Amino acid sequence: MKVKNLLNFSFLNFSSNEKIAQEIVELVSGSAFHVYKDKRVRELVDFSNIDRVEQDRIFNELQVTVLALVILLLEQKSNFAVSNKKDTLLKLRTDVEEKFINFLLEIGIQQGFVDMWSGLIKMRCEEYRNIYEKRKRKATKFNSKLLLTVVTNGGLKHIRRGDVFPGDHLRQYILIWLEIAMEETEDIIKKNNL
């Protein structure tokens with residue numbers, strides 16, 4: 001085996017995968033919290049006139065939306081990666097989900113709620129993955145704009161409880177936010193040669 005190939009060998013990335021996953025989880029958690037606290041978003045969801053349970057649900061939807069985007073981004077990138085990076089990207093995808101679940105436990109979320117979160121993550125990923133797969137053509141490369149559109153529309157639908165309408169300014173806000181989160185995640189991936 002050539003030295004260049006040895007340096008690219010997947011097992012060398014596994015120890016750093018946890019650090020990369022942690023960085024991505026901090027990115028998505030922080031960005032969701034920032035959006036949740038944003039004055040314009042609160043105006044768009046009529047935040048001051050909804051009860052605490054609904055406010056918390058909106059935060060949870062923001063969190064799961066950006067997390068699903070990152071998980072699906074890693075999956076899709078792995079589909080078009082060279083073989084030595086494919087496994088590393090799939091492992092990173094799993095590590096991101098696990099790090100997020102561990103983060104919930106670390107901040108004191110009860111196991112029953114963590115189990116519900118785990119189910120919600122899987123459900124949203126499956127929902128968005130199915131829509132993405134139905135809409136993409138026989139792609140020879142990853143279609144990031146389609147994935148971004150699917151997750152934006154899905155997130156908006158869940159935040160609005162299905163009550164979506166043309167020209168909703170919240171959609172544009174979510175689209176821009178998720179586009180930035182995707183770019184920042186891709187920067188982390190590139191920085192770590194994945």
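What follows draws every value from the coordinates through simple rules; no lab data is involved. Because the structure is a prediction, the values reported are computed rather than measured. Don't worry about glycine lacking a Cβ; one is built from the backbone with ideal geometry, like all the others, and counts go over all protein chains shown.
General observations
- Radius 14 Å from Cβ of residue 172, net charge of other residues (Lys, Arg +1; Asp, Glu -1): -1
- Springs join every pair of Cα atoms under 10 Å in this Gaussian network model of the chain, and among 107, 131, 174 the largest mean-square fluctuation is at 107.
- Across the alpha-carbon set of the range 101-157, the Rg to Rh ratio works out to 1.14, Rh being the Kirkwood radius.
- Loop-located trypsin sites (Lys or Arg not before Pro) in the range 96-194 whose Cβ has at most 13 other Cβ within 10 Å (DSSP): 137, 138, 141, 161
- In the chain, helical runs assigned H by DSSP with n ≥ 4 each contribute -39500 (n - 2.57); averaged across all residues and rounded to the nearest 500, the mean residue ellipticity at 222 nm is -27000 deg cm²/dmol.
- Highest mobility in the GNM of the chain, judged by mean-square fluctuation with C-alpha springs under 10 Å and restricted to 110, 63, 55, is found for 110.
- Over the chain, relative contact order from alpha-carbon pairs under 8 Å, at least 6 apart, %: 30 percent
- Positive-end extreme of charge dipole, the range 41-194 - chosen from 102, 50, 192 (charges on Cβ): 192
- Computed from Cα atoms, the angle from the helix 52-79 axis to the main principal axis of the chain rounds to 20 degrees.
- When the convex hull of its Cα atoms is projected in every direction, mean area for the chain (nm²): 12.0 nm²
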